[in-house]
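Peer 1: Right, I'll just put the structure down here and ask away after.
The values are calculated or read from the model by the stated rules, or taken from the named source; none is laboratory data. Note that the structure is a prediction, hence the values are computed from the model and not measured. A quick note on method: Cβ atoms are made from the backbone with ideal geometry, for glycine too, and the neighbour counts reach across all protein chains shown.
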Amino acid sequence: MRKRLEIFNKRKALITYITAGDPSLAATEKLIFQLEASGADIIELGIPFSDPLADGPVIQASHQRALKKDVALADVFKLVAKVRQKTQIPICFMLSFNLVLKYGLEKFYDKMKEVGVNGVIIPDLPPEETTHHNIFLVAPTSTEHRIKLIAERSAGFIYLVSVAGITGQREQLAGNLRSVIGKIRKYTDLPIAIGFGISNPKQAAEMANLADGVIVGSAIVDLIARKKYQQVEKFVRSLRVAIDADS
Amino acid sequence: MKFSGLPDKSGHFGKFGGRFVPETLMPALEELTEKYCEIRKEPEFKEELNYYLENYVGRPTPLYFAERLTKEFGGPRIYLKREDLNHTGAHKINNTIGQLLLARKMGKKRIIAETGAGQHGVATATAAALFNLECIVYMGEEDVRRQALNVYRMKLLGAKVVPVKSGSRTLKDAVNETLRDWMASSTDTFYCLGSCVGPHPYPMMVRDFQLVIGEEAKKQHLAIERKLPDYLVACVGGGSNSIGLFHPFLEDKTVKMIGVEAYGAASISNGSFGVLHGALADILQTKTGQIKTTHSISAGLDYSGVGPEHSYLREISRVEYTAVTDRQALQGFKKLSKLEGIIPALESAHAIAYLEKLAPKLTRAQSIVVCLSGRGDKDAEEIRNL
């Protein structure tokens with residue numbers, strides 16, 4: 001059994017996604033503290049990429065904004081090193097495999113440890129293509145033999161994708177989540193967090209009820225795109241309240 | 001060296017290839033691989049495929065001795081593998097007939113495809129009409145504007161064309177968008193990929209459906225010349241016509257092979273190791289790993305990546321790769337039109353253009369087979385406007 005992220009031992013985790021460098025690295029730094037103060041348990045930091053395959057239009061656009069500022073993986077490592085002087089909130093990276101390859105595979109994992117990045121999600125790197133223990137995705141389409149493989153290779157938590165498709169806000173989430181969670185539980189005690197498509201407190205509460213945590217991305221990124229930073233705080237607080245009330 | 005065993009079971013050609021896609025697609029790729037490996041061996045499938053290739057596509061295509069082109073250089077005998085004579089005017093249909101026959105056997109009723117210039121889109125829409133399947137083609141908004149005629153052809157054939165507004169709005173983004181569609185739809189949808197790129201099994205499957213080019217050319221050349229050709233030349237974008245021509249000759253040591261890229265999109269000549277659209281290969285990227293946009297006069301070669309098998313063949317030095325400029329390709333385009341009465345696709349014109357470098361070095365006793373992957377009617381308008 002790989003190590004679980006400890007925060008899951010305390011309460012149902014609220015994981016908030018933002019894209020590093022959107023609209024600037026200084027803004028991202030402020031947002032990290034703001035998200036923590038509003039009740040987030042884990043910060044998921046997206047590293048901007050020209051071709052983010054798993055992402056819908058909202059997050060794609062955030063990557064484009066960050067790339068206009070030439071934000072690269074090395075800059076985000078520096079940012080994390082800087083915020084680590086003030087906070088120990090768990091930070092996970094979400095990035096495309098090509099960025100890791102170009103940075104240097106082993107150098108990447110060494111640097112994560114050095115600056116204090118607590119986990120990594122590489123959506124286009126399935127467990128059969130790596131020997132590292134990442135936060136792997138399970139999808140509603142995953143077959144049982146795949147769930148077993150993913151469970152054996154995961155670290156931190158399991159990222160359960162709530163719908164077959166890309167990131168983005170949705171009214172309807174997949175109907176078979178309960179059965180997928182049952183299958184994951186057969187193979188691991190690692191926490192399960194549900195993400196993709198969760199866009200309001202009601203959905204967050206429902207999903208937190210099913211699993212150990214929820215991941216909210218596009219809904220927050222959409223507020224950032226419209227420069228409504230005050231509302232980010234309000235929105236994350238409302239997610240926190242909904243999750244805590246229901247568990 | 002044996003080449004028939006590649007890729008390995010997990011889809012790797014040496015350190016290239018593999019399957020680098022979000023988990024949502026992994027089960028679909030496993031299903032596709034399994035079904036493809038099973039169905040391709042069935043005599044009934046082979047028979048059906050051959051029937052359509054012969055009676056619908058018009059195969060075998062001729063291996064034509066280019067008399068005036070040969071005279072022009074005064075050296076090696078030059079043969080053209082006439083893929084331009086296929087139904088729809090390019091080699092792309094060899095692959096789409098194969099894939100959609102497979103889709104039909106798998107019970108998938110909805111077909112999605114990406115297209116750059118529209119040749120693969122037209123070939124997919126054609127096969128979809130033939131087999132009565134729903135067809136959706138993703139095409140960069142920029143390409144929709146540039147290739148209005150092909151958009152209209154696809155619509156005539158009953159396909160829906162979806163303009164892609166993300167990223168650079170060209171082929172790379174059309175592939176992204178098709179993969180995104182497939183993530184949400186893989187249970188009832190078949191992704192008909194147009195080149196030997198993407199996650200396993202596509203590089204293998206597309207190659208297999210294009211092998212017919214090289215298998216025919218080998219037989220035809222042996223029949224005419226009583227020997228194997230000395231050189232094979234083909235253009236490389238993703239690399240499907242070239243892998244189709246090259247592959248059946250890989251174990252014939254005397255046969256030299258040259259893949260010709262477009263200078264502004266030369267993933268092998270100027271790229272580096274990376275992952276794009278689900279496979280490890282040579283890709284054009286910045287020093288921080290962002291995918292570069294490309295610039296070629298030929299929309300079919302205008303792509304930031306290349307098939308993983310080509311990267312492998314480059315690494316083991318079995319195939320040589322080089323690049324020609326837009327200007328050189330245009331000269332090849334005009335030369336073939338005037339000398340042989342064959343207007344080549346701009347893609348194929350890159351292979352023709354390379355003859356300027358290669359032919360003068362060879363003797364009259366030698367021969368070259370060039371893959372004329374498509375006809376150039378589609379490009380005439382754009383060249384006229386230059």
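Peer 1: Say whether the condition of being surrounded by 24 or more Cβ atoms within 10 Å (Cβ to Cβ) and either farther than 21 Å from A:Ile192 by Cα or within 11 Å of chain B (Cβ to nearest Cβ) (or both) is met by at least one residue in the range A:81-95.
Peer 2: Checking the range A:81-95: at least one residue is surrounded by 24 or more Cβ atoms within 10 Å (Cβ to Cβ) and either farther than 21 Å from A:Ile192 by Cα or within 11 Å of chain B (Cβ to nearest Cβ) (or both).
Peer 1: Any idea which of (1) charged (D, E, K, R); (2) within 14 Å of another protein chain (Cβ to nearest Cβ); (3) touching a Leu at 6+ places or on another chain (Cβ under 7 Å) is the one B:Glu83 doesn't satisfy?
Peer 2: Of the numbered conditions (1) charged (D, E, K, R); (2) within 14 Å of another protein chain (Cβ to nearest Cβ); (3) touching a Leu at 6+ places or on another chain (Cβ under 7 Å), the odd one out for B:Glu83 is (2).
Peer 1: Moving to a separate point now. Considering the range A:127-175 alone, what residues qualify as being polar (S, T, N, Q) and under 22 Å from A:Ser96 (Cβ atoms)? First the steps, then the outcome.
Peer 2: Taking the range A:127-175 first, the residues polar (S, T, N, Q) are A:130-131, A:134, A:141-143, A:154, A:162, A:167, A:169, A:172.
Correct list: A:Thr130, A:Thr131, A:Asn134, A:Thr141, A:Ser142, A:Ser154, A:Ser162, A:Thr167, A:Gln169.
Peer 1: Also: Any residue at all in the range A:156-169 that is touching a strand residue (DSSP E or B) at 6+ places or on another chain (Cβ under 9 Å) and surrounded by fewer than 20 Cβ atoms within 10 Å (Cβ to Cβ)?
Peer 2: The answer is no, given that none of the residues of the range A:156-169 is touching a strand residue (DSSP E or B) at 6+ places or on another chain (Cβ under 9 Å) and surrounded by fewer than 20 Cβ atoms within 10 Å (Cβ to Cβ).
Peer 1: Here's something else I'd like to know. For A:Val71, are the conditions met, namely being free of Cβ contacts under 8 Å to residues at least 60 places away in the same chain, buried (at least 19 other Cβ atoms within 10 Å of the Cβ) and assigned to a strand (DSSP E or B)?
Peer 2: Numbers: free of Cβ contacts under 8 Å to residues at least 60 places away in the same chain: yes; buried (at least 19 other Cβ atoms within 10 Å of the Cβ): yes; assigned to a strand (DSSP E or B): no.
So A:Val71 does not fit the description; no.
Peer 1: Turning to a different aspect of this structure: More than 19 Å from A:Ala155 (Cα to Cα), part of a loop (DSSP other than H, G, I, E, B) and without any contact (Cβ under 8 Å) to a residue 40 or more places away in the chain: is that true of A:Gln64 in this structure? Talk me through it step by step, then tell me what you get.
Peer 2: Values: more than 19 Å from A:Ala155 (Cα to Cα): yes; part of a loop (DSSP other than H, G, I, E, B): no; without any contact (Cβ under 8 Å) to a residue 40 or more places away in the chain: yes.
Considered against the rule, which asks whether it is more than 19 Å from A:Ala155 (Cα to Cα), part of a loop (DSSP other than H, G, I, E, B) and without any contact (Cβ under 8 Å) to a residue 40 or more places away in the chain, A:Gln64 comes out as no.
Peer 1: Quick check on A:Asp189: is it acidic (Asp, Glu), in contact with a helix residue (DSSP H, G or I) (Cβ under 6 Å, 6 or more places away or on another chain) and touching a residue at least 60 places away in the same chain (Cβ under 8 Å)?
Peer 2: It is false that A:Asp189 is acidic (Asp, Glu), in contact with a helix residue (DSSP H, G or I) (Cβ under 6 Å, 6 or more places away or on another chain) and touching a residue at least 60 places away in the same chain (Cβ under 8 Å).
Peer 1: Which residue, of B:Thr88, B:Thr61, B:Thr96, is at pLDDT 95 or above and touching a Cys at 6+ places or on another chain (Cβ under 9 Å)?
Peer 2: On the way: B:Thr88 fails: touching a Cys at 6+ places or on another chain (Cβ under 9 Å); B:Thr61 fails: touching a Cys at 6+ places or on another chain (Cβ under 9 Å).
One residue alone meets the criteria, B:Thr96.
Peer 1: Sort through B:Leu101, B:Leu157, B:Leu149, B:Leu130 and tell me the only one that's free of Cβ contacts under 8 Å to residues at least 60 places away in the same chain, surrounded by fewer than 24 Cβ atoms within 10 Å (Cβ to Cβ) and either within 21 Å of the chain's Cα centre (by Cα) or over 21 Å from B:Arg375 (Cα atoms) (or both).
Peer 2: Numbers: B:Leu157 fails: either within 21 Å of the chain's Cα centre (by Cα) or over 21 Å from B:Arg375 (Cα atoms) (or both); B:Leu149 fails: free of Cβ contacts under 8 Å to residues at least 60 places away in the same chain; B:Leu130 fails: free of Cβ contacts under 8 Å to residues at least 60 places away in the same chain.
Answer to the check: B:Leu101.
Peer 1: Let me confirm something: among B:Thr170, B:Thr124, B:Thr178, which residue is more than 14 Å from chain A (Cβ to nearest Cβ), among the hydroxyl-bearing types (Ser, Thr, Tyr), touching a strand residue (DSSP E or B) at 6+ places or on another chain (Cβ under 9 Å) and in contact (Cβ under 8 Å) with a residue 24 or more places away in the chain?
Peer 2: Working: B:Thr170 fails: more than 14 Å from chain A (Cβ to nearest Cβ); B:Thr178 fails: more than 14 Å from chain A (Cβ to nearest Cβ).
The unique qualifying residue is B:Thr124.
Peer 1: In the range B:10-43, which residue that is more than 30 Å from A:Ser162 (Cα to Cα) and within 13 Å of chain A (Cβ to nearest Cβ) is surrounded by the fewest Cβ atoms within 10 Å (Cβ to Cβ)?
Peer 2: Here is the first cut: in the range B:10-43, the residues more than 30 Å from A:Ser162 (Cα to Cα) are B:12-16, B:37-43.
Those left that are additionally within 13 Å of chain A (Cβ to nearest Cβ): B:12, B:15-16.
Numbers: B:His12: 19, B:Lys15: 13, B:Phe16: 26.
My answer is B:Lys15.
Peer 1: Looking only at the range B:163-188, which residues are closer than 24 Å to B:Gly107 by Cα and not acidic (Asp, Glu)?
Peer 2: Step one: of the range B:163-188, the residues closer than 24 Å to B:Gly107 by Cα are B:175, B:177-188.
If the condition is that a residue be closer than 24 Å to B:Gly107 by Cα and not acidic (Asp, Glu), then B:Val175, B:Thr178, B:Leu179, B:Arg180, B:Trp182, B:Met183, B:Ala184, B:Ser185, B:Ser186, B:Thr187 are the ones that fit.
Peer 1: Give just the number: which of (1) surrounded by fewer than 23 Cβ atoms within 10 Å (Cβ to Cβ); (2) within 18 Å of A:Asp41 (Cα to Cα); (3) within 12 Å of chain B (Cβ to nearest Cβ) does A:Arg146 not satisfy?
Peer 2: Result: A:Arg146 fails condition (2) only.
Peer 1: So, B:Gly238, is that one at pLDDT 95 or above and out of contact with any strand residue (DSSP E or B) (no Cβ under 6 Å at 6 or more places or on another chain) or not? Please lay out each step first, then the result.
Peer 2: On the way: at pLDDT 95 or above: yes; out of contact with any strand residue (DSSP E or B) (no Cβ under 6 Å at 6 or more places or on another chain): yes.
Taking the combined requirement at face value, the residue satisfies it.
Peer 1: Looking only at the range B:162-173, which residues are at pLDDT 90 or above and surrounded by fewer than 21 Cβ atoms within 10 Å (Cβ to Cβ)? Break it down into steps so the answer makes sense when it comes.
Peer 2: Going residue by residue through the range B:162-173, those that are at pLDDT 90 or above are B:162-165, B:171-173.
If the condition is that a residue be at pLDDT 90 or above and surrounded by fewer than 21 Cβ atoms within 10 Å (Cβ to Cβ), then B:Val162, B:Pro163, B:Lys165 are the ones that fit.
Peer 1: Can you give me the number of residues within the range B:305-318 that are in a loop (DSSP other than H, G, I, E, B) and crowded, with 24+ Cβ neighbours inside 10 Å? Walk me through how you get there before you give the answer.
Peer 2: Restricting attention to the range B:305-318, the residues satisfying the condition of being in a loop (DSSP other than H, G, I, E, B) are B:305-307, B:316-318.
Then drop every residue that is not crowded, with 24+ Cβ neighbours inside 10 Å, which leaves B:305-307.
So the answer is 3.
Peer 1: Let me ask another. If a residue counts only when it is touching a Pro at 6+ places or on another chain (Cβ under 7 Å), which helices (runs of 4 or more DSSP H) contained entirely in the range B:319-386 have at least 1 such residues?
Peer 2: B:326-340, B:346-358
Peer 1: Specify which of the listed residues (B:Leu25, B:Leu6, B:Leu49, B:Leu80) is aliphatic (A, V, I, L, M) and assigned to a loop (DSSP other than H, G, I, E, B). Can you show your working first?
Peer 2: Numbers: B:Leu25 fails: assigned to a loop (DSSP other than H, G, I, E, B); B:Leu49 fails: assigned to a loop (DSSP other than H, G, I, E, B); B:Leu80 fails: assigned to a loop (DSSP other than H, G, I, E, B).
Testing whether each residue is aliphatic (A, V, I, L, M) and assigned to a loop (DSSP other than H, G, I, E, B) leaves just B:Leu6.
Peer 1: Could you tell me which residue of the range A:183-236 is nearest to A:Ala61 (Cα to Cα), considering only residues that are acidic (Asp, Glu) and part of a loop (DSSP other than H, G, I, E, B)?
Peer 2: Residues of the range A:183-236 acidic (Asp, Glu): A:189, A:206, A:212, A:222, A:233.
This time we only want the ones that are part of a loop (DSSP other than H, G, I, E, B), so: A:189, A:212.
Numbers: A:Asp189: 36, A:Asp212: 29 Å.
The selected residue is A:Asp212.
Peer 1: Can you name every residue in the range B:211-241 that is touching a residue at least 40 places away in the same chain (Cβ under 8 Å), part of a helix (DSSP H, G or I), in contact with a Leu (Cβ under 8 Å, 6 or more places away or on another chain) and not hydrophobic (A, V, I, L, M, F, W, C)?
Peer 2: B:Glu216, B:Gln220, B:His221
Peer 1: Condition first: among the aromatic types (Phe, Trp, Tyr), surrounded by fewer than 24 Cβ atoms within 10 Å (Cβ to Cβ) and over 10 Å from the mean Cα position of the chain (by Cα). Can you find one or more residues in the range B:236-247 that meet it? Before you say what the answer is, go through the steps one by one.
Peer 2: Step one: list which residues in the range B:236-247 are among the aromatic types (Phe, Trp, Tyr), which gives B:246.
After this cut, where a residue has to be surrounded by fewer than 24 Cβ atoms within 10 Å (Cβ to Cβ) as well, the list is none.
Within the range B:236-247, none of the residues are among the aromatic types (Phe, Trp, Tyr), surrounded by fewer than 24 Cβ atoms within 10 Å (Cβ to Cβ) and over 10 Å from the mean Cα position of the chain (by Cα).
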